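Report on the following structure.
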Amino acid sequence: MITTSDSTEIYPPTYTSFAGYQRIATGSLQANALAVKHARESRNADAVLVFDDATGRTLDIDTRGSDEAVLERLLAAGMVQAKTSVQASTAEQTAQDAEPRGRGRPKLGVVPREVTLLPRHWEWLAMQPGGASVALRKLVEEARRAGSDKDRQRKAQERSYYFMQTIAGDLPGFEEASRALFANDLERLQQCMAAWPADVRSHALLLAQHEAA
């Protein structure tokens, strides 16, 4: 995990692979690529798919040749990073975080700009703890969080739907499950998917959890 200067946590992307309705791998793209390769070599009937957990969409991976050849193609296509590149990026961020801070007020990156408000707005701001600037920053942050929550929910619904549509579009209750998903009714969603294979059901619900989006 890498932590940016604004305390946003960035996690490595994850992927999940299915052979038919059975989940065969979850984790890095390299691990999924090899699991898909081995599954395709050992199975004749079941479709083998790899999903991007961030979007719910499938990825097309060339699994021909040896394990080493598969991994080399992923690296050459820019679909994964070399370990040395990841380590360098992490080390650079750690070094930035370790830089000593000078005395005085912390550097907030404040940018002064003109704000036009009605007199009653200025009066209300002046009565807030910390004054107008602090109150305005708090209001902006609250609005950003509210917007982010809605955005995370939308992304979670979309990625779960894309996954469901691809792997469960022909299963009973798919239309009802889709309506429950976009209504943000997870209890109803679980009811609609009750007869689905366990791995499909659990992964669809996992993707629908917008808190982790």
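Every number in this text was worked out from the coordinates using simple rules, so none of it is lab data. Quick caveat: nothing in here was measured; it's all calculated off a predicted structure. Don't worry about glycine lacking a Cβ; one is built from the backbone with ideal geometry, like all the others, and counts go over all protein chains shown.
Once the chain from A198 to S133 is taken as fully extended at 0.36 nm per residue, the excess over their C-alpha distance is 18.2 nm. Put a plus charge on the Cβ of each Lys and Arg, a minus charge on the Cβ of each Asp and Glu, and nothing anywhere else: the dipole of segment 130-213 about its Cα centre is then about 440 debye. Place a point 7 Å from Cα of L206 in the direction of its Cβ. Which residues in segment 144-177 have their backbone N less than 14 Å from it? Only 160, 163-164 fall inside the zone, counting backbone N under 14 Å. Each residue, S42 and E141, gets one label point 7 Å from its Cα in the Cβ direction; the gap between the two is 5.1 nm. Near the amide H of I24, within less than 5 Å, lie the amide hydrogens of S17, F18, A19, all on another chain or at least 5 residues away, with H placed in the peptide plane.
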